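What follows draws every value from the coordinates through simple rules; no lab data is involved. Everything quoted here is computed from the prediction, not taken from an experiment. A quick note on method: Cβ atoms are made from the backbone with ideal geometry, for glycine too, and the neighbour counts reach across all protein chains shown.
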Amino acid sequence: MPSGRQTNARIKVGHVIATLLLRAGLALAVLAAPAIAQDRRQTPRDAAIAEADAATVRAPVEEQSFVSKGSVSVNGRAVAYTATAGTLTIRDDNGRPSGSFFYTAYTAEGSNRPVTFFYNGGPGSPTVWLHLGSFAPVRVKTDTPAYVPPQEYALGPNPWSLIDKSDLVFIDAMGAGWSRPLGDRTSRDFSGVDQDGDAFARVILRYVTKYNRWKSPKFLFGESYGTLRSGVVARMLEERGLSLNGVVLLSTILNYGVRQPGYDQNYLTLFPAYAATAWYHGTLPGPKPADLDAFVAEVRAWVSGPYAAALAKGSSISDAEAETIARQMNTYTGLPIDFLKRANLRVDLPQFQTELLRERGLSIGRLDARYTLRPGDLNADSPDDDPAATAINGAYVSALHDYAARTLGVKTDLAYRLSAREPGWTWDWSHRPPRGGVQTTPNTAVDLAHVMRANPKLKILFLNGYYDMATPFYGAEFDASHMLLPADLNRNIRFTYYKSGHMIYLAESELAKMRGDVAAWMDESSR
């Protein structure tokens, strides 16, 4: 034990050290004063940044639900339903929240009802069009292929809803609509074929678990890029223990590989849609065939035979054969023979859009070739815009905002984004197919074939618009036939066709027909 003298000495030393440290600290403070003053001069800017950051509207981690009730008459029978608009939080493998998905679900009373998950494409699109155009209990009124002016905007009951057959869940893609990343994630973390597919698989699993729908018959319903997504999601769900009853592919693009420059398949893919469009607009040089289906069947046979053989010859084709092929192309479209020969028998879509009705002073739509637009330059080789998109956007966006606020009761300060494509946005097109390797131009028909072999009861329904130039019906037929399935599994694939475009549901008569086709197919697939 130290003596009292030793203790006092230590105390004195401690006081000396403390004093020295205090003086040193004051000196350092004085020396640092200019730097501190400089930092303080930056404070207003820093404060403004901090204030802006604090004011940024962020998606909630805690899941939200806005519940309302409704009723709609379908096939003469009133169907009461519950509408739930809200958010579902997905988490990474460590349980950390990574994304908040906005969805709107319509459910009706009944035991073991099917549930169908809907999404649009883009990639990076919200699901406002499928939601308010196809099979929900409400629908934006459209019919004729013409611009919808503001005074004609209308949202009303949908007599062609599928609510009598299935519960319906409409999901916005991450970064679009009211879906947002969470935590340190950004939209870039979801911007890719597999990244996007994984996120959708997680949100579907979350819905199924939250609402105890594991025993319900389950369907995917994707449109456009959403069809490519469905191949990825179906496989990921199967691998994670959720088996589907069916997959509906509306306006299909499963294989981007066929669109690479230097390959002829895309010209073959487009031509039957060119012919159907020419039939619609009356540009065929001879008498108009009475039956569109029969006419398209004839064109298909020619495309898969003489036209495919001619393009396969490339520049070695003889002048005589090129003349013969150009004349037949003219017969099926009305495009000038000299124009066809100058194009080397390969007409790009923008050229077709501007050339077909050039003498009438019109260009035609890409999403739906029934729509027309007066170009600013009558000599242009590509259209100014897509009239099939601009014609309806105002009606749909206006209806969505009004319906969400007044009827669904959605309360949010987030802006509804019509696209996840922010400045600097890129999409990772690489894809890992079931058997390994990496595809740089994805073909998820391979994924669907893999799932069908694993789940031999899985049914696939292709819904095709004859006037769809964005995802032509002949391309869907090509992709399906190259899944190379055995005959018994091929019987699980069905094709239907409609006199409409990419968004088949814009035409009331075709929506009614499509509703009947999908409803019957669902009944069959749920058993």
Arrange the peptides 203-209, 271-277 so that the one whose residues have, on average, the most other Cβ atoms within 10 Å appears first.
271-277, 203-209
Taking the mean number of other Cβ atoms within 10 Å as a proxy for protection, how do you rank 404-416, 116-128 from highest to lowest?
116-128, 404-416
Viscosity 1.002 mPa s, 20 °C: Kirkwood-radius Stokes-Einstein D of region 283-385 over Cα pairs, µm²/s:
145 µm²/s
Which of LEU220, LEU168, LEU270 comes first, and how do the rest follow, when ranked by fewest Cβ neighbours within 10 Å?
LEU270, LEU220, LEU168
Do any trypsin sites (Lys or Arg not before Pro) in region 337-400 lie in a loop, going by DSSP, with at most 14 other beta-carbon atoms within 10 Å of their beta carbon, and if so which?
ARG346
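Would you kindly state the longest site-free stretch of the chain, with sites defined as GluC sites (Glu not before Pro) in a DSSP loop (not H, G, I, E, B) surrounded by at most 14 other Cβ atoms within 10 Å?
That gives 110-527 as the longest site-free run.
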Rank these for me by crowding, ASP386, ASP447, going from fewest to most other beta carbons within 10 Å.
ASP386, ASP447
Surpassing 32 Å at the alpha-carbon level, of the pairs LYS411/LYS459; LYS141/LYS218; LYS341/LYS459; LYS457/LYS513; LYS218/LYS288; LYS210/LYS513, are LYS411/LYS459; LYS341/LYS459; LYS218/LYS288; LYS210/LYS513
Ranked highest first by the average count of other Cβ atoms within 10 Å around their residues, in what order do 245-251, 189-195 fall?
245-251, 189-195
Could you work out the helix-only [θ] at 222 nm for the chain, with each DSSP H run of four or more residues adding -39,500 (n - 2.57) and the total divided by the number of residues, to the nearest 500 deg cm²/dmol?
-12500 deg cm²/dmol
What whole number of Å gives the distance from the Cα centroid of region 81-154 to the Cα centroid of region 432-460?
26 Å
Among (1) 26.0; (2) 23.0; (3) 24.9, only one was calculated for this model; which label is it, if the read-out is Kirkwood radius over Cα pairs in Å?
(1)
What is the distance in Å between the Cα centroid of region 314-338 and that of region 164-233?
46 Å
